[in-house]
Amino acid sequence: MNDNNLSRRLFLSSATVSVVGSATVGVVGSATFFAPGVFAEQLMQTPTQEEGPFYPDKLPLDTDNDLLIINDSITPAVGAVTHLSGRILDKRGDPIRNAVVEIWQVDNNAAYLHTKSDNYAKRDRNFQGFGRFVTSSTGEYYFRTIKPVLYPGRLAPHIHFAIKMKGRDRFTTQCYIKGHPGNATDFVIKTIKDPKARELVMADFAPIRSSRIGELAAKFDVVLGYTAEA
């Protein structure tokens, strides 16, 4: 990794609060919401969702948290720039540190970073398609990516999540665009029978008021079904 890449990664890992704090109502700054111990009762666990068939069959050389720029490229990926952040929490609302958060999604041409993906031949070669982030002591993660788009076979645009922790089974779920019309009939979302639980996999993709290029901010917390000490 060269000095330029290191600087970019350090910048991206520290940018979360300032970016999210600039978004419109619906994206709440983490300092407001997440003082440890503020939850008197156990939180509802984020529903698990299938991994799906398109986890990358060959990981990219660059697996950092900026999916818009690959290594030293100066050409960004095409799509609605989205600052995606949140917290990994236990069932009491306490942060889980050192969890490996992975995301993967289609590019703006509806192609996954997988050789059997539809439109693979037309995929955006400037889109990383996959990223990783290790949570901080406050359980926070951050990615710069694009707003998810539809692809053949699914009615709801989404971003896949996998959470990896030492000594625990890998947890997978999906993040959806709150209010998207396809959510009501998407066959994967419909596997979540409880309407309240279904809301836990939805995120607002809200315009950032200060952005001159139409950037968005989305906040997506993941609650795991055990305590951080266990």
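The table for this structure:
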{"quantity": "Pairwise Cα inverse-distance average, inverted: Kirkwood Rh of region 95-153 (Å)", "calculated": "12.7"}
{"quantity": "Antiparallel bridges, percent of DSSP beta bridges restricted to region 129-205 (to nearest 5)", "calculated": "75"}
{"quantity": "Highest to lowest packing among 175-181, 157-163, scored as the average C-beta count within 10 Å", "calculated": "157-163, 175-181"}
{"quantity": "Neighbour-count order for L224, L43, fewest beta carbons within 10 angstrom listed first", "calculated": "L43, L224"}
{"quantity": "Net lengthening on full extension, D194/L155 (0.36 nm per residue, minus Cα-Cα)", "calculated": "12.1 nm"}
{"quantity": "Set K58/K122; K147/K219; K116/K219; K58/K116 screened for pairs whose C-alpha atoms are more than 22 Å apart", "calculated": "K116/K219"}
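Only the coordinates and a few stated rules stand behind these numbers; no lab work does. Because the structure is predicted, anything quoted here is derived from the model rather than measured. Heads up, the Cβs are rebuilt from the backbone with ideal geometry, glycines too, and the neighbour counts pull from every protein chain shown.
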